[in-house]
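Novice: Structure incoming, see below.
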Amino acid sequence: MRLAVVGAAFSAGGAHPGCRHGPEAFREREFRRWKKGLQYPVFWRGIVREASPLPTHSGSTITSNSQRLMRQTRRLRRGGVTPVIIGGDHSCAIGSWAGIAAAQRQPLGLLWIDAHMDAHTPDTSETQRVHGMPLAVLLGEGQSKLIHLAGLCPVIEARYCCIIGVRSYESGEPERLSRLGVRFYTMEEVQRRGLPAVLAEAWRRVAAAPGGFGVSLDLDVLEPMLAPGVSVPEARGLNPRLLARYLRQQPGKQRLRGIEVVELNPARDPQGQTRRLLPKLLSSLLQNR
Ligand SMILES: [Mn+2]
């Protein structure tokens, strides 16, 4: 397996401008350390940047961000390289997974690890922030320009998609996911059944996709006292060490089509404790059982 890191320095879809500096913080302080401990070759592909300062209406910025990121991940996958996307607000997932899915014929599975459902459309979102919408877009619901980004709609079929760690959502989101048939595991269910059991079930579902699978990890799924460097912290999150340990159960690295870690906000992470979790979380996903 060959890996390439693509930074998605986006904030236009997010809640705080600081998250556009996440990829640079990773490159400057963590990338070399991660690379050294890794058993696969990894190169730094580059950072996709958004317009700065942001225009008042961020809609066109988000479309342009998504298109440019989509072309990057599509090109990498066509060359047989596995993209590792570092965000940036979670709207980057729209481009990341559209590009990866467009480079292959068979359906892609996706495990979404997040405190939120990210399943709004403009009709249900109060904030209108696109980082609350990317999963809906990937499932084929939302703004037309975004859902048809790579000419493939939906990018992800609901039956090959799971969400883990949910503890904050708004009306409209669970209804959408249930209607589509996405399995979501709330934090309450994770606590009741245990992370290993829930994760094993989720892996089975996403790994059933004939075209392999990917993982989109929003750092706000973690316990904010241990990982404060995110834009929308939610209390009672996952322990990062436990998550890393059980992510190793992933059902086969040879079927991994991409990894995404998002919402790193260096402005909320002055001691760097959130940033320092990235090498371990990323490496866990690349190990066999
Ligand atoms: Mn998210």
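Novice: Which residue, N239, N265, N65, has the most motion in a Gaussian network model of the chain that connects Cα atoms within less than 10 Å?
Specialist: In the Gaussian network model the winner is N239.
Novice: Place a point 7 Å from Cα of K280 in the direction of its Cβ. Which residues in the stretch 21-57 have their backbone N less than 14 Å from it?
Specialist: Within reach of a label on K280: 34.
Novice: Defining a contact as two alpha carbons under 8 Å apart and six or more residues distant in sequence, what relative contact order in percent does the stretch 3-284 show?
Specialist: On the way: 646 pairs, mean separation 64.0, N = 282.
Relative contact order for the stretch 3-284 comes out at 23 percent.
Novice: If the elastic network links every pair of Cα atoms under 10 Å, which of A51, A102, A202 fluctuates the most in the Gaussian network model of the chain?
Specialist: Largest GNM mean-square fluctuation: A51.
Novice: OK, next. Exposure proxy check: I94, I156 ranked by fewest other beta carbons within 10 Å?
Specialist: Numbers: I94 33, I156 29.
If I rank by nearby Cβ atoms, fewest first, I get I156, I94.
Novice: Would you mind calculating the gained length between R32 and E170 on full extension (0.36 nm times residue separation, minus the Cα-Cα distance), in nm to one decimal? Could you put the intermediate results ahead of the total?
Specialist: On the way: separation 138, 0.36 × 138 = 49.68 nm, distance 3.93 nm.
My answer for the length gained is 45.7 nm.
Novice: Report the FRET efficiency, 1/(1 + (r/R0)^6), for Q273 and Q39, where r is their Cβ-Cβ distance and R0 is 30 Å, rounded to 0.05.
Specialist: On the way: r = 26 Å, r/R0 = 0.86.
According to the calculation, E is roughly 0.70.
Novice: Cut-off is 10 Å between beta-carbons; in what order do C153, C162 appear when sorted fewest neighbours first?
Specialist: Details: C153 16, C162 24.
In increasing order of surrounding Cβ atoms, one gets C153, C162.
Novice: What is the pair-distance distribution P(r) of the stretch 1-50, computed from all Cα-Cα distances in 10 Å bins starting at 0, with each bin given as a whole percent?
Specialist: All Cα pairs considered, the percentages come to 25, 46, 24, 5.
Novice: Please list, ordered by chain and number, the residues whose modelled amide H lies under 5 Å from the amide H of S58; skip anything fewer than 5 residues away on the same chain.
Specialist: Residues meeting the amide H criterion: none.
Novice: Go ahead and set up a Gaussian network model of the chain, Cα springs under 10 Å, then flag whichever of L180, L222, L242 fluctuates most.
Specialist: In the Gaussian network model the winner is L242.
Novice: To the nearest 500 deg cm²/dmol, what mean residue ellipticity at 222 nm is calculated for the chain from DSSP H runs of n ≥ 4 alone, each contributing -39,500 (n - 2.57), summed and divided by the residues? Don't skip to the answer; put the middle values down first.
Specialist: On the way: 11 runs with 97 residues, N = 289.
It lands at -9500 deg cm²/dmol.
Novice: What is the sum of charges, Lys and Arg at +1 and Asp and Glu at -1, for the other residues whose Cβ falls under 14 Å from the Cβ of C153? All intermediate terms of the calculation are to be shown ahead of the outcome.
Specialist: Details: positive: K145; negative: E141, E157.
Every neighbour counted, the sum reads -1.
Since every read-out is calculated from the coordinates, none of them should be taken as a lab result. Since this is a predicted model, take the numbers as computed values, not measurements. Ideal geometry is used to build each Cβ from the backbone, glycine not excepted, and the neighbour counts take in all protein chains shown.
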